[in-house]
Protein chains: 2
Amino acid sequence: MATGRTHRPATRSRGIPEATVARLPLYLRALTALSERSVPTVSSEELAAAAGVNSAKLRKDFSYLGSYGTRGVGYDVEYLVYQISRELGLTQDWPVVIVGIGNLGAALANYGGFASRGFRVAALIDADPAMAGKPVAGIPVQHSDDLEKIIQDNGVSIGVIATPAGAAQAVCERLVAAGVTSILNFAPTVLSVPEGVDVRKVDLSIELQILAFHEQRKAGEGAASDGGVPAAAARSESADQGPDGDMPAVMPA
Amino acid sequence: MATGRTHRPATRSRGIPEATVARLPLYLRALTALSERSVPTVSSEELAAAAGVNSAKLRKDFSYLGSYGTRGVGYDVEYLVYQISRELGLTQDWPVVIVGIGNLGAALANYGGFASRGFRVAALIDADPAMAGKPVAGIPVQHSDDLEKIIQDNGVSIGVIATPAGAAQAVCERLVAAGVTSILNFAPTVLSVPEGVDVRKVDLSIELQILAFHEQRKAGEGAASDGGVPAAAARSESADQGPDGDMPAVMPA
DNA sequence: CTATGTGAATTGCTTCACAGCC
DNA sequence: GGCTGTGAAGCAATTCACATAG
């Protein structure tokens, strides 16, 4: 609204659709790649292609942030990187703890993508005393007895749970009690959290099951062609652009 | 059940909404837990709570599959487990290959959730010759030179990419050329695939960025109340149930 | 009387198409 | 002339509320 001639976009920070928020990191990544190649400006068409969406959607998304483009020209890459980073809150540094340093926790600790975008692994926590002190990704693992102290000392508000399913709810409750208000959950369980706490879930097996569903369809319907090679073809239904399937999170209490 | 005067539910297998498909694995997990506890029947209300959705949504979702409940009673747990499994294609066995056996690939190979639901890790593939033959999760890693042969010999149609971003597109193309039609991508890149190939993406850093966005909001707006405890309140917009934010996949060519 | 199954209403997201500005 | 920004139209998903079956 406002179509503001006022300097400040006006729309800023109020009611950006969830679907748009979920795409901002995608745009940011594409823009960062352009920035590294020193590309100065980019059109909605080009950027959309790089991010894997269509250009109308991208322009609409950006319109929620403000008018950051130049008509007839496109978007200034650096400027847009900055604006999206700011909107996502990545201009500040977010200390994160990872709880559960098994295979997955270790993989997460080693994952470069965190550090590169405003996230800092402040601590690794595990319930196994044998792990304590052992460095993973250069960070010594701490025992979960000290969880609350670690959270508070580091001002952590984002926690990552990579424990077995059985331990996840208890860990979640301790994190929340200690002050964490956003949780990324890799354990295959539904977490109950009080209002005001956000949970996002990543579940490997769920993603595979969704693929299996579509895979089954292909075999049942389309195929028949012969048997060996899949033979793409047919079904424009699920095949084309991007039906946003997904389970978000943000659980009720 | 079956109220159907036609035997076949009629709605079967045609046009189940993506959003519903994405929730079926959630229901299935909750049902499996009930089944293990030998609970015979469950109401939409109870099951919805266990799956973290509301009951109206659950009933609507199930209505796309058919009429599998009993009015005044609820759903037969075992029967529903079977129906959903069948709908998702989990009554058959899906051989899967994991490409890129780094930290994450190894974690995936060790992840029990795969095997437990119709998925079988048929092969682990890595480009590093030093890895070849080394067993991970009891499965010997094979060199990527043999990728095509492995896919074909095992009849693999689902591939998991856990390589570095730079290698992902090339791996993807080889998988597709060899006959894979569904890909689960953990590399932080947009994959281009021909029509008819499904891609789902899991991106750790994107999930964190979405959390950071909401976290920033909490700090900026709501807070003020005191500082320590989050204080829930306000913002019914993002806080309550489950806005399905997410980036799907299924790229255009 | 209870809890499912589902049309109808609502809300939110995407796509279209073009006015506005460079 | 070209490309952004955005109302308006079109779709899809969610929620409501109640008829219907057990």
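The values are calculated or read from the model by the stated rules, or taken from the named source; none is laboratory data. Note that the structure is a prediction, hence the values are computed from the model and not measured. Reconstructed Cβ throughout: ideal geometry from the backbone, glycine too, with neighbour counts over all protein chains shown. These accessible areas exclude ligands, DNA and RNA; they are computed on the full protein's heavy atoms, side chains included. Shrake-Rupley method; radii C 1.70, N 1.55, O 1.52, S 1.80 Å.
Treating each Cα of region B:18-88 as an identical point scatterer and summing with the Debye formula, the log10 of I(q)/I(0) at q = 0.11, 0.23, 0.25 Å⁻¹ comes to -0.20, -1.01, -1.24. Here region B:1-157 has an Rg and Dmax of 19.6, 62 Å, counting Cα atoms alone.
Ascending distances from the A:Gly102 label point to its copies in the other chains, with the point 7 Å along the Cα-to-beta-carbon line: 2.2 nm.
Charges were assigned to the Cβ only: +1 to each Lys and Arg, -1 to each Asp and Glu. The resulting dipole of region A:94-201 about its Cα centre is roughly 360 debye. Placing a label point 7 Å from the Cα of B:Ala219 along the Cα-to-Cβ direction, the distances to the matching points in the other copies come to 4.9 nm, shortest first. Label points for A:Asp128 are taken 7 Å from Cα along Cα→Cβ. From this copy to the others they lie 2.0 nm apart, shortest first. The packing ranking, built from the mean of other Cβ atoms within 10 Å per residue, places the peptides B:79-89, A:69-79, B:24-34 in the order B:24-34, B:79-89, A:69-79, highest first. What region B:18-88 shows is 44 Å² of accessible area per residue, with the surface traced by a 1.4 Å probe over protein heavy atoms. Take each residue in A:94-104, count the other chain C-beta atoms within 10 Å of its C-beta, and the mean is 3. In a reduced charge model with +1 at each Lys and Arg Cβ and -1 at each Asp and Glu Cβ, region B:18-88 shows a dipole moment near 140 debye about its Cα centre.
For region A:94-201, the calculated P(r), taken from all Cα-Cα distances in 10 Å bins from zero up to the bin holding the longest distance, is 16, 54, 29, 1 percent.
The lysines within cross-link reach of B:Lys134, meaning a Cα-to-Cα straight distance under 25 Å and a gap of 8 or more places when in the same chain, are A:Lys134, B:Lys149. Shown is the FRET efficiency for B:Thr70 and A:Val73, computed with R0 = 51 Å from the Cβ-Cβ distance and rounded to the nearest 0.05: 0.20. Buried between A and B is an accessible area of approximately 8000 Å², summed over both sides with a 1.4 Å probe. Charge tally around B:Ala178: other residues with Cβ under 14 Å, Lys/Arg +1 each, Asp/Glu -1 each, net -3.
Using a probe radius of 1.4 angstrom, the carbon and sulfur fraction of the accessible surface of region B:18-88 is 52%. Per residue, region B:94-201 exposes 35 Å² of accessible surface when a 1.4 Å probe is rolled over the protein heavy atoms with every protein chain present.
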